[in-house]
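**Q** Attaching a single structure in structure tokens format; questions to follow.
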Amino acid sequence: MTNAKALGRLAPVDGQPTMKAVVTMGNGGYDQLVYCDVARPKPGPTEVLVKVRAAGMNNTEINTRLGWYSSSVKKGTEQTAEAEQIAPTQKADGGWNAATPFPFIQGTDCCGIVAEVGDASHRPLLGNRVLIRACMRPEGFSSPENIWMASDFDGAFAQFVKVPSTEVFPVTCDWSDAELATIPCAYGTAENMLQRAGVRQGMRVLVAGASGGVGSAAVQLAKRRGAHVIGITTPSKMADVRAVGADEVVDRGADLSEVLGKDAVDVVVDNVAGAGFGAMLNVLRRGGKYVSSGAIAGPLVELDMRVFYLKDLTLIGCTGWDEPVFPNLISYIERGEIRPLLARTYPLDQIVPAQQEFLKKTHVGNFVLIPP
């Protein structure tokens, strides 16, 4: 049983409503994930309280728990997870914006119902089924500064989550709550990368890790824009990637230049990085764009500067979402232009086996946790 002192600000006080949540206590292994009773948040004047119906699971929750964003970490997510399970280390720079506010509640993806509002002006939101825009731009969209639910403040691995009223988006569709919960982080990240890279009709787009959450979203969304999409994945997942919309599929162990030819694609969408980074630059056409928001195979890569500058390439890093991204996603859902890729659901209290299975990478799409 986790005591109040360990929970800190999350500990309930006498008479305060409580809720079930998974609290991440610090950097380290699965023992840092504690399912317990915590204080139910109260929305302030500019906030709403959302009853969580389904919470998607992503690489970022695992990376944050591991402290993978620290400059001291040199390996990919899977290798870091193995090391942290054996010998956990606390990292002051392990979060997206330096320190992670442990103990806190993770969960970047949320589909839920607005249950309470902090101000009467937000009353029309009550009872709406909503998605939460996890990436928030507190200084406006002209500034690159951003904060993230479940990285910088408490997220959706709980029965309730408190967020600014501007970050909830009502959605009308026949999807299940779990299907909607696959969307925010993976599809928001993918759509943001495609927008930054200017993907449009007729372009050739190469997507690394095409069977993962962000990768499979990027395949769908690039195809929606009229691009010719080439997905990189393992042989066992090739049919799934084609079913999502890929025009071509390449074995991730193949020599890209040999299979595709040099100067073969206009845009590379890559959240894998690691040893395959250089090969992806080699297949870009002159003036091509490489866009990334992750590096699950390893954050340190070898860059041949001659390839970079002689081919006039553009390298684009993406974290903060641009203003049109999330409203666009809502419209795609409501018009039936994309479909969810729900791999599996788990009860919230089964987060440890869910993350263990997630790291095996045998699935296509997203895992979702369901609170009680």
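**Q** Among residues other than Gly29 whose Cβ falls under 9 Å from its Cβ, what is the net charge (Lys/Arg +1, Asp/Glu -1)? Don't skip to the answer; put the middle values down first.
**A** Working: positive: Arg65; negative: Asp31, Glu84.
Computed value for this residue: -1.
**Q** Using a Cα distance threshold of under 23 Å, what count of lysine pairs results for region 186-317 when pairs must be 8 or more residues apart or interchain? Intermediate results must be reported in sequence, preceding the final value.
**A** Numbers: Lys223/Lys237; Lys223/Lys262; Lys223/Lys289; Lys262/Lys289; Lys262/Lys311; Lys289/Lys311.
Number of lysine pairs found: 6.
**Q** Further question: In whole angstrom, how far apart do the alpha carbon centroids of region 86-122 and region 16-49 sit?
**A** Rounded to whole Å, the Cα centres lie 9 Å apart.
**Q** Fewest first, what order do Arg344, Arg9 take by the number of other Cβ atoms within 10 Å?
**A** Values: Arg344 14, Arg9 10.
Ordered by Cβ neighbours within 10 Å, fewest first: Arg9, Arg344.
**Q** Give me the orientation-averaged projected area of the Cα convex hull of region 1-156, in nm², one decimal. Can you show the working numbers first?
**A** Working: hull surface 42.5 nm².
Spelled out: convex hull of the Cα atoms, projected over all directions, averaged, 10.6 nm².
**Q** Let me ask another. Quick one: length gained pulling Ser176 to Asp304 fully straight, 0.36 nm per residue minus the C-alpha distance?
**A** On the way: separation 128, 0.36 × 128 = 46.08 nm, distance 4.63 nm.
Going from the current span to full extension adds 41.5 nm.
**Q** Something else: Could you check the simple spin-label distance between Asn128 and Asn3, using points 7 Å along Cα→Cβ, in nm with one decimal?
**A** Going by the 7 Å Cα→Cβ label model, 4.4 nm.
**Q** How would region 186-317 be classified by its alpha-carbon gyration tensor: rounded, prolate or oblate, with rounded meaning a/c under 1.5 and the a/b versus b/c comparison settling the rest? Walk me through the intermediate numbers first.
**A** Numbers: a/c = 1.37, a/b = 1.24, b/c = 1.10.
Here region 186-317 falls in the rounded category.
**Q** Helix-only estimate, please: 222 nm mean residue ellipticity of the chain, summing -39500 (n - 2.57) across DSSP H runs of length 4 or more and dividing by its residues, to the nearest 500. Walk me through the intermediate numbers first.
**A** Values: 12 runs with 94 residues, N = 372.
It comes out at -6500 deg cm²/dmol, rounded to the nearest 500.
**Q** To continue, here is another question. Give the order of Asp177, Asp251, Asp154 when sorted by the count of other beta carbons within 10 angstrom, beginning with the fewest.
**A** Asp251, Asp177, Asp154
**Q** Let me ask something additional. Between Arg200 and Asp312, how high is the FRET efficiency from 1/(1 + (r/R0)^6) when r is the Cβ-Cβ distance and R₀ = 30 Å? Nearest 0.05. Intermediate results must be reported in sequence, preceding the final value.
**A** On the way: r = 19 Å, r/R0 = 0.63.
For R0 = 30 Å, the calculated efficiency reads 0.95.
**Q** Still on this structure: Could you name the aspartates and glutamates in cross-link range of Lys74, using Cα to Cα under 15 Å and dropping any fewer than eight places away on the same chain?
**A** Excluding near neighbours in sequence, the set is Glu82, Glu84, Asp93, Glu302.
**Q** Separate question: Under 30 Å Cα to Cα from Lys5, which lysines show up? Leave out anything in the same chain fewer than 8 places away.
**A** Lys20, Lys42, Lys51, Lys91, Lys162
**Q** How far is the Cα center of region 190-218 from the Cα center of region 328-372, in Å?
**A** Rounded to whole Å, the Cα centres lie 19 Å apart.
**Q** Return one quarter of the surface area of the convex hull spanned by the alpha-carbon atoms of the chain, equal to its mean projected area, in nm². Could the numbers behind the result be given before it?
**A** Working: hull surface 72.9 nm².
The Cα convex hull of the chain, projected and averaged over all directions, gives 18.2 nm².
**Q** Under a plain spin-label model, where a point goes 7 Å from the Cα along Cα-to-Cβ, how far apart in nm are Glu334 and Gln350?
**A** Between Glu334 and Gln350, the simple spin-label model gives 3.4 nm.
**Q** Principal axes first, then extents: for the Cα atoms of region 225-282, list largest minus smallest coordinate on each axis, whole Å, largest first.
**A** Cα spread of region 225-282 along its principal axes, largest to smallest: 28, 26, 21 Å.
**Q** Follow-up. Which of Thr80, Thr166 has the fewest other C-beta atoms within 10 Å, and how do the rest follow up to the most?
**A** Details: Thr80 21, Thr166 13.
With the fewest neighbours first, Thr80, Thr166 line up as Thr166, Thr80.
All of the numbers you see were taken from the coordinates with simple rules; none came from a lab. Predicted, not measured: the structure shown is a model, and the values here were computed from it. Here the Cβ is made from the backbone with ideal geometry for all residues, glycine too, and neighbour counts use every protein chain on show.
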